[in-house]
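Asks: Mind having a look at this structure? Questions to follow.
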Amino acid sequence: MLREAPVIPWPSRDGSRVPFEVFTRADVFAREQEAIFRGPVWNYVALEAEIPQPNDFKTTFVGDTPIIVSRAEDGSLHAFLNRCAHRGATVQRQASGNARQHKCVYHQWCYNSQGDLVGVPYRRAVAGMGGYSADFAPKDHGLTKLRVASRKGVIFATFHPDTVALEEYLDEPLLAAIDRLFSRPIKVLGHMRQRVRGNWKLYSENTRDPYHAALLHGFHATFGLYRTNQRRVGGSDRARAHSTGATYGDDWRQAAQSGNIGQDKFVANYSLADPSLLEGRPDFNDGVTVSITSIFPCLVIQQIMNTLATRHIRPKAADEFELYWTYFGYEDDDEQMIACRLKQANLIGPAGLISMEDSEAIELIQRAIVRDGHENSFLEFGGLHADLGKDRVGEATIRAFWRYYAGLMGLSPAGGEA
Ligand code: FES
Ligand SMILES: [Fe+2]
């Protein structure tokens with residue numbers, strides 16, 4: 001049973017006005033856990049390359065629910081609640097590792113790598129005291145399991161029995177975006193985590209909004225990695241996803257200048273003390289050097305030059321989320337390529353040259369909207385009838401996000417567009 005939908009008066013059906021209270025209210029956050037993160041969606045949880053061996057595991061979250069993702073003895077993938085079926089303690093407290101069994105520290109109930117209960121201390125009493133009755137069945141007390149599916153080593157999980165097959169949920173061209181980035185075996189290079197004191201949906205908006213990149217990020221504007229005058233390559237603007245790509249040529253300085261005339265973030269006389277930061281080798285033969293794909297509700301996959309990463313949005317409260325970055329390269333990378341990827345890792349992450357302003361912008365919003373929840377943000381850039389498929393510079397994809405969100409949440413006006 002879903003809790004009742006919070007009453008939030010949305011002033012329009014098209015997603016062009018978003019009441020600020022969806023970013024601040026605890027009841028909205030609680031409803032999201034049920035209607036979205038435990039709703040008919042696929043939540044990104046891990047990369048297979050993070051748990052390559054039998055009994056490897058990683059702890060993560062679906063919404064704010066703690067989860068263990070694990071590879072069983074037979075190689076199969078599993079996801080289950082990281083919350084003891086006895087009295088609710090966190091079972092696995094490590095971020096990742098290898099364990100045949102996950103033992104709860106409190107009274108030592110023990111679960112295997114599929115989440116089944118396999119050990120209960122004093123089950124048949126100790127010195128005639130305690131114990132469980134003869135009909136106690138361990139199989140009824142395992143950790144709650146989620147359905148799991150993997151596409152090219154990207155693992156998703158869902159609580160909901162009616163979630164459509166992963167391939168149907170992702171659909172083209174998101175499948176193509178995943179298949180492109182994970183076209184050959186990957187090697188995880190590391191992780192970064194950052195707490196942002198803002199609502200998780202502000203980050204969803206941010207990654208569906210390519211046109212802020214040259215306006216907010218001085219590094220982008222000055223060094224031309226991402227410009228509003230770039231040609232869009234591929235992409236998708238469906239309600240539960242957004243994907244966009246662009247190329248970066250040898251003419252970037254000219255292009256940066258012409259694309260940023262009158263833009264105060266562009267500093268013509270800046271150059272890099274170490275130009276090798278932006279010198280890499282193409283990973284793909286399609287010429288695309290920037291590709292950002294956001295998949296509802298909590299995943300962004302990115303290629304920025306040679307920096308490849310997943311970004312996992314982990315909501316913590318109405319006004320706080322964690323951003324969890326997993327950097328990777330390919331198994332066949334030589335040392336030079338790994339060094340290049342690690343150097344370019346400075347572009348993104350909590351202090352990334354082209355991403356540190358995003359969390360700041362989000363916190364600027366969150367701080368300013370604590371009052372006046374019935375007032376709205378304004379999303380009409382590009383026009384209300386902008387073509388979802390063509391306009392890289394616009395807010396149509398964000399409006400589509402909000403219509404889909406409102407539909408899943410049961411808010412009025414109804415959305416539900418897929
Ligand atoms: S709470 Fe886990 S064994 Fe008691
Ligand atoms: Fe940004």
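Coordinate-derived values only; no laboratory data. If you're wondering where the values come from, they're calculated on a predicted model, not measured in any experiment. Quick reminder, even Gly has a Cβ in these numbers, built from the backbone with ideal geometry, and neighbours come from all protein chains shown.
Asks: What aspartates and glutamates sit close enough to Lys103 to cross-link, taking a C-alpha to C-alpha distance under 18 Å and skipping anything fewer than 8 places away on the same chain?
Replies: Asp56, Glu73, Asp116, Asp140
Asks: In addition: Quick one: which residues, 5+ away or cross-chain, put their amide H under 5 Å from the amide H of Ile67? H built at 1.01 Å from N.
Replies: Thr60, Phe61, Val62, Asn82
Asks: Using only Cα atoms, locate the centre of region 1-41 and the centre of region 272-301, then give the distance between them in Å, rounded to an integer.
Replies: 33
Asks: What's the extension gain from Val164 to Phe381 if we count 0.36 nm per residue and subtract their Cα-Cα distance? Spell out each step's value before the answer.
Replies: Working: separation 217, 0.36 × 217 = 78.12 nm, distance 3.28 nm.
Once the chain is fully extended between Val164 and Phe381, it gains 74.8 nm.
Asks: Give the shape of region 43-151 as rounded, prolate or oblate, defined through the alpha-carbon gyration tensor: a ≥ b ≥ c are the square roots of its eigenvalues, a/c under 1.5 means rounded, and otherwise the shape is prolate if a/b is larger than b/c and oblate if not.
Replies: On the way: a/c = 2.24, a/b = 2.07, b/c = 1.09.
Here region 43-151 falls in the prolate category.
Asks: Between His141 and Glu331, with labels modelled 7 Å along Cα→Cβ, what's the label distance in nm to one decimal, could you check?
Replies: Calculated label separation equals 4.1 nm.
Asks: Report the extension gain between Val188 and Ala368 in nm, rounded to one decimal, defined as 0.36 nm multiplied by the number of residues separating them, less their alpha carbon distance. Could you put the intermediate results ahead of the total?
Replies: On the way: separation 180, 0.36 × 180 = 64.80 nm, distance 3.78 nm.
So the extension gain works out to 61.0 nm.
Asks: I need Met356, Met409 ordered by Cβ neighbour count within 10 Å, fewest first.
Replies: Numbers: Met356 15, Met409 22.
Ordered by Cβ neighbours within 10 Å, fewest first: Met356, Met409.
Asks: What percent does the relative contact order of region 43-151 come to when contacts are Cα pairs within less than 8 Å and at least six residues apart? Walk me through the numbers on the way to the answer.
Replies: Values: 213 pairs, mean separation 23.7, N = 109.
Relative contact order here is 22 percent.
Asks: Using the structure shown, select from Lys139/Lys187; Lys58/Lys343; Lys58/Lys316; Lys152/Lys343 the pairs with a Cα to Cα distance greater than 29 angstrom. Don't jump to the answer; show the numbers that get you there.
Replies: Values: Lys139/Lys187 36 Å; Lys58/Lys343 26 Å; Lys58/Lys316 19 Å; Lys152/Lys343 26 Å.
Table pairs above 29 Å Cα-Cα are Lys139/Lys187.
Asks: Taking Cα pairs under 8 Å and at least six residues apart, what relative contact order does the chain come out at, in percent? Walk me through the intermediate numbers first.
Replies: On the way: 864 pairs, mean separation 88.0, N = 418.
Relative CO of the chain lands at 21 percent.
Asks: Calculate log10 I(q)/I(0) of the chain for q = 0.07, 0.09, 0.10 Å⁻¹, where I(q) comes from the Debye formula with a single equal point scatterer on each Cα and nothing for solvent.
Replies: Scattering profile of the chain, log10 relative to I(0): -0.36, -0.59, -0.72.
Asks: Moving on to the next point. Taking neighbour Cβ counts within 10 Å as the exposure measure, how do Thr397, Thr59, Thr24 sort from fewest upward? The partial results should precede the final answer.
Replies: Values: Thr397 29, Thr59 21, Thr24 17.
Exposure proxy ranking, most exposed first: Thr24, Thr59, Thr397.
Asks: Lone cysteines in the chain, going by a 4.7 Å Cβ-Cβ cut-off?
Replies: Within the chain, the cysteines lacking a partner Cβ under 4.7 Å are Cys110, Cys298, Cys340.
Asks: A further question follows. Picking from Val126, Val18, Val290, which is most flexible by a Gaussian network model of the chain using Cα springs under 10 Å?
Replies: Val126
Asks: Taking R0 as 60 Å, what's the FRET efficiency between Arg281 and Tyr122 from their Cβ-Cβ distance, rounded to 0.05?
Replies: On the way: r = 60 Å, r/R0 = 1.01.
For R0 = 60 Å, the calculated efficiency reads 0.50.
Asks: While we're on this one: Calculate, axis by axis, the spread of Cα positions in region 12-103 along the three principal axes, and write the results as whole Å, longest axis first.
Replies: 52, 31, 20
Asks: I've got another one for you. Within region 71-107, what residues put their amide N at less than 16 Å from the label point 7 Å along the Cα-to-Cβ vector of Ala30?
Replies: Under 16 Å, as judged by backbone N against the label point of Ala30, lies no residue of region 71-107.
Asks: Can you sort Ser70, Ser96 from fewest to most other Cβ atoms within 10 Å of each residue's own Cβ? Could the numbers behind the result be given before it?
Replies: Values: Ser70 28, Ser96 18.
Going from sparsest to densest Cβ surroundings: Ser96, Ser70.
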